[in-house]
1. With the structure loaded, tell me whether Gly275 is under 22 Å from Pro32 (Cβ atoms) and more than 23 Å from the chain's Cα centre (by Cα) or whether it fails that test.
2. Filter region 23-41 down to residues that are surrounded by 23 or more Cβ atoms within 10 Å (Cβ to Cβ) and among the small types (Gly, Ala, Ser) and give me whichever is farthest from Glu176 (Cα to Cα).
3. When region 382-399 is examined, which residues are found to be modelled with pLDDT of 90 or more, surrounded by fewer than 22 Cβ atoms within 10 Å (Cβ to Cβ) and small (Gly, Ala, Ser)?
4. Just the residues that are farther than 15 Å from Pro359 by Cα and either within 26 Å of the chain's Cα centre (by Cα) or open to solvent by less than 20 Å² (accessible area, probe 1.4 Å) (or both), please, taken from region 407-418.
5. Being surrounded by 22 or more Cβ atoms within 10 Å (Cβ to Cβ), assigned to a strand (DSSP E or B) and more than 12 Å from the chain's Cα centre (by Cα), is that true of even one residue in region 170-179?
6. Given Thr4, Thr84, which one is among the β-branched types (Val, Ile, Thr) and modelled with pLDDT under 90?
7. Can you tell me how many residues within region 180-212 are part of a loop (DSSP other than H, G, I, E, B) and not small (Gly, Ala, Ser)?
8. In region 56-105, what count of residues is obtained for those that are hydrophobic (A, V, I, L, M, F, W, C), open to solvent by less than 30 Å² (accessible area, probe 1.4 Å) and over 19 Å from the mean Cα position of the chain (by Cα)?
Amino acid sequence: MSETATASGDAPKLANLVRSGDAQAEAIAITPFVFQANDISNAYLVTTSAGDVMINTGFMDNVERNKALLQPHRTGPLAFIVLTQSHADHFGGVPEFLEEGTQVIGGPGFVEANADMMGMQSYFGPRSGKLWGSTLKRGGTPKAPPMITPDILVDRKLTLELGERTFEIIHTPEGETVDGLTVWLPRERIAFTGNLFGPVWLSMPFLCTLRGDKPRSVRQYLKSLEKVRDLGAEIVVTGHGDAIYGADKIRADLDRMHAAVSYVRDYTIEGMKAGKDVHQLMREFAWPEGVAIGEFHGKASWAVKTIWEEYSGWFHYEDGTTELYGVPRSSVDADLVELAGGADKLAQRAQAKLDGGQPLEALHLVAIALGAEPGNQASLRVKKTASEALLAASGGSNLSETMWLRSEIAEVEAKLAG
């Protein structure tokens with residue numbers, strides 16, 4: 001049974017998917033020689049007659065559990081650990097899995113990408129905590145990610161022979177990181193794709209996360225998808241959920257993902273050429289019949305914004321001259337509040353917008369009010385109600401959107417209670 005997404009929303013809840021290892025009692029046998037430990041991103045053991053290979057190790061918080069799940073299936077020394085990307089949910093358990101002689105393999109740019117992420121934790125950490133804190137529930141003293149320097153860095157492709165198995169390690173960037181790798185077993189026709197296709201199969205890639213990260217190129221994503229599609233895999237093992245089986249199904253699913261992402265790219269570029277601005281394109285986006293894929297982590301409308309900036313850059317002409325300088329629009333919040341007759345007046349207008357079914361316009365207004373008077377109770381109440389309206393309208397199908405809105409509601413509730 002594979003974890004697949006459909007446009008109708010019948011997808012596994014992503015929050016449950018990343019916590020699925022909590023209740024796991026034994027490793028999942030994908031084949032008699034491939035075993036899966038569920039984690040935020042799963043850890044996989046591949047056995048051979050000459051030693052074992054790990055493909056990712058899971059998160060540092062869960063390494064003891066992952067080792068215990070996989071230990072009964074170990075058949076020899078651990079020859080290699082292959083890291084399909086430079087995020088901690090893939091490499092967090094490396095120090096505990098390492099044995100004498102184990103070589104760690106990473107993709108091109110792994111060291112630099114990891115250094116950027118680790119070195120900017122004072123920036124990324126609080127942003128990740130806002131989104132994921134209530135989902136991952138790490139407690140007060142979470143473990144820090146280890147510093148990992150791979151022994152081998154793949155350029156474009158690396159072939160390894162171990163026992164009866166061949167491992168082709170292929171650079172497939174931009175699913176989540178520039179250093180992304182796919183591990184291909186050509187004899188067995190198994191592809192380990194890591195998070196190239198996101199946390200849920202058959203869903204929209206997250207080309208720029210809400211947490212913040214280097215934007216992912218839609219061009220490179222499609223090229224990487226094509227590389228995997230051309231392999232003709234009979235089993236695809238992703239970073240989350242169950243494996244996907246059947247060459248025909250895998251080919252059809254990859255064709256569908258390619259068509260959907262290509263549609264979003266082409267829609268954006270054609271809109272740019274027609275003179276539409278990015279906000280108009282985001283508002284007007286709609287899937288044509290038969291093209292939609294799931295939007296459970298990334299969203300098509302968000303991809304429009306990232307693709308726009310991939311092709312055009314950060315300066316949107318419609319935003320005008322002030323975008324060229326370091327003085328934000330919020331610098332005049334106090335002036336606007338004074339002219340409006342106070343924050344309460346803006347809150348009243350925001351409430352009217354909300355009552356008229358315009359929660360986003362309401363949030364624009366209370367952002368101005370709160371920019372001048374952060375503790376204004378009337379504005380905070382409208383912000384809470386507008387955020388709740390957006391959460392209800394979202395249907396809870398996209399985890400990132402849901403986590404953001406819930407965190408906004410919780411922050412407002414704390415301010416109102418204080």
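1. Against the criterion (under 22 Å from Pro32 (Cβ atoms) and more than 23 Å from the chain's Cα centre (by Cα)), Gly275 does not qualify.
2. Applying the filter and picking the extreme gives Ala37.
3. Scanning region 382-399 gives Ala389, Ala392, Ala393, Ser394.
4. Those that are farther than 15 Å from Pro359 by Cα and either within 26 Å of the chain's Cα centre (by Cα) or open to solvent by less than 20 Å² (accessible area, probe 1.4 Å) (or both): Ser407, Ala410, Glu411, Val412.
5. no
6. Thr4
7. Qualifying residue count, region 180-212: 18.
8. Of the residues in region 56-105, 12 are hydrophobic (A, V, I, L, M, F, W, C), open to solvent by less than 30 Å² (accessible area, probe 1.4 Å) and over 19 Å from the mean Cα position of the chain (by Cα).
The values are calculated or read from the model by the stated rules, or taken from the named source; none is laboratory data. This is a predicted model, so every value here is computed, not measured. Glycine also receives a Cβ, built like all others from the backbone with ideal geometry; neighbour counts cover every protein chain displayed. Calculation scope for accessible area: heavy atoms of the full protein, side chains included, ligands and nucleic acids excluded. Shrake-Rupley method; radii C 1.70, N 1.55, O 1.52, S 1.80 Å.
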